[in-house]
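Any read-out appearing in this document is the output of simple, stated calculations on the displayed coordinates, not a laboratory observation. These numbers come from a predicted model, not from an experiment. Virtual Cβ from ideal backbone geometry, glycine too; neighbours counted across all protein chains shown.
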Amino acid sequence: MTLIKSISGIRGTIGGKVGENLTPIDAVKFGCAYGSWLKDNSNDSDISVVIGRDARISGEMIQNLVQNSLISLGINVVDLGLSTTPTVELMVKEYNASGGIVITASHNPAEWNALKLLDKNGEFLNSQSGEEIIKISENDSYVFSEINDLGTISKTKDSMKKHIDSILNLDIVNTDLIKKTNLKVVVDGINSSGGIIVPMLLNELGIDYSTIYCDPSGDFQHNPEPLKKNLNDLCQRVVEERANLGIALDPDVDRLVFICEDGEVFGEENTLVACADYVLSKNPGPTVSNLSSSRALNDITKSYNQSYYTSAVGEVNVVSKMKSKKAVIGGEGNGGVIYPKSHYGRDAIVGIGLFLSLLCERKIKVSELLSSYPKYYMTKEKITISSDVNLDDILIDLSKKYENEHVNTIDGLKIDFEESWVHLRKSNTEPIIRIYSEAKTLEKSIDLIKNIQEEIKSLINL
């Protein structure tokens, strides 16, 4: 059982001991820490926070604990109820709130939950703010409001509709063309919020669809991470129903994966590639993804004679780089699409709008679209290191060994070869090194991982 505090919030497994798991005490303490930080740093006369949750079984319990913690500090709460991470992000701006909290553990299994913290722009907190909140939570230095100064809770049920409307009103989303194209879609909502909002979106677009696992019960019927190995049921249904495509989401709807009409997985790495292809065809400009994302985005960007940039892993880092480079689109290779003209957050709903517009405009099958993109194979592994080993020293030694290649050290160590790359990052929570590689053949990608693993072992005499 686990409890992890980080700059983006707190996450852990439900039940167990205080300080070791995400217990009610820990949820209250961290909610109070965030509220106290807002009171110290907000210029708003009336501080308010937007809160929504995914459909995890523990979600309503954690949300109630956090909301009541905030009103005890004199902070008003806008309760969205069942919601999505991008919906909460958009509603922070919609309600001119001081901040936001999403109750979700994203792609983690059902026994996990978390508090994701947002600033007044509906964006994830920067590292300095996150560290300040962690310190407050450890000191228990809260000052609660007296009876006449308690906050209030107001409920709203139309936030998902507002989210959908904001996407369909984007000039780049070709709603008229999508409505004229007779698409058939199958949706896997992992029995969470995606099972609500995506059918709502498809109804607005007049699309014929069917669903699996779209009951927002929180009873995840497969591993909630939208990877190929977890989507067999959806792939089968797409073929059986002769659908044009399948749509898979994670529980909080910030990651998006498509299924081709032949049942093959379009691939989480290619979600951003396809959306960027469409955006660049309409509005050429820079693109951004993190260091562990596919090189295919760079290839597509270069095909439009535009500049591609990388950031450290983490949404807040991608957003920062996107702003500095004035990127027209960006995101992460895990199926996370960030379209600035909507908002600076990963959003599966905007991703669906962009992808369907591309598909309908080019009048091709999803499998044909996939075959038009550069073909890469990615491998993801990790190596466990004894806690007494200095992981930074290992990365320094490896960077020296590969100094004649293109080496990037902004987030661990990434080594770019002519037709492949390998990225090593130390975990913030475990004594492990995560190793990702990508190459034009699966064999080459696997070999890169194996070679690096052997070099690490030789450096520490394992």
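List of remarks:
- In order along region 86-91, the Karplus-derived 3J(HN,Hα) couplings, from 6.51 cos²θ - 1.76 cosθ + 1.60 at θ = phi - 60°, round to x, 5, 4, 4, 5, 6 Hz, and Gly and Pro are given as x.
- Extension gain for the segment SER371 to ASP388, taken as residue separation times 0.36 nm less the Cα-Cα distance, is 1.5 nm to one decimal.
- Sequence-distant residues sharing a close amide H with VAL313 (under 5 Å, placed H): LEU291
- Only Lys, Arg, Asp and Glu carry charge here, each on its Cβ (+1 for the first two, -1 for the last two); on that basis the chain has a dipole of about 740 debye about its Cα centre.
- Modelled label positions at LYS157 and LYS444, each set 7 Å beyond Cα in the direction of Cβ, lie 5.6 nm from each other.
- Qualifying GluC sites (Glu not before Pro) for region 92-198 [loop in DSSP, other Cβ within 10 Å: at most 14]: GLU146
- Distance (nanometres) between label positions extended 7 Å along Cα→Cβ at ASP215 and GLU381: 4.1
- ³J(HN,Hα) computed for each position of region 7-19 - Karplus, 6.51 cos²θ - 1.76 cosθ + 1.60, integer Hz, glycine/proline x: 5, 8, x, 10, 9, x, 8, 7, x, x, 8, 4, x
- Computed from the C-beta positions of LYS93 and GLU361, the FRET efficiency with R₀ = 25 Å rounds to 0.30.
- Cβ-Cβ FRET estimate between ASP233 and SER141, R0 fixed at 35 Å, reported to 0.05: 0.10
- Potential extension, ASP46-GLU419 segment - 0.36 nm per residue separation minus Cα distance: 128.8 nm
- For region 260-272, putting each phi into the Karplus relation 6.51 cos²θ - 1.76 cosθ + 1.60 with θ = phi - 60° gives couplings of 6, 5, 8, x, 7, 7, 4, x, 4, 5, 7, 4, 5 Hz, in residue order, rounded to whole numbers and with x for Gly and Pro.
- Residue order, fewest to most beta carbons within 10 Å, for ILE449, ILE10: ILE449, ILE10
- When the trypsin sites (Lys or Arg not before Pro) in region 228-329 are filtered for DSSP coil states and for at most 11 other beta-carbon atoms within 10 Å of their beta-carbon, the remaining sites are ARG242, LYS326.
- Residue-averaged [θ]222 nm for the chain, counting only DSSP H segments that reach four residues, each worth -39500 (n - 2.57): -11500 deg cm²/dmol
- Cβ-placed point charges (K, R +1; D, E -1), dipole of region 3-157 about Cα centre in debye, nearest 20: 360
- Gained length - ASP208 relative to ASP171, 0.36 nm times residue gap less alpha-carbon distance: 11.0 nm
- Under a 5 Å amide H cut-off, with hydrogens placed 1.01 Å from N, SER210 pairs with VAL185, VAL186, VAL187 among residues at least 5 apart or on other chains.
- Which label in [x] 21, 42, 26, 10, 1; [y] 22, 48, 21, 7, 2, 0; [z] 24, 57, 19, 0 gives the computed P(r) over Cα pairs in 20 Å bins from 0, in percent: [z]
- Less than 5 angstrom separates the built amide H of ILE385 from those of ILE432, ILE433, all sequence-distant by 5 or more or on a different chain.
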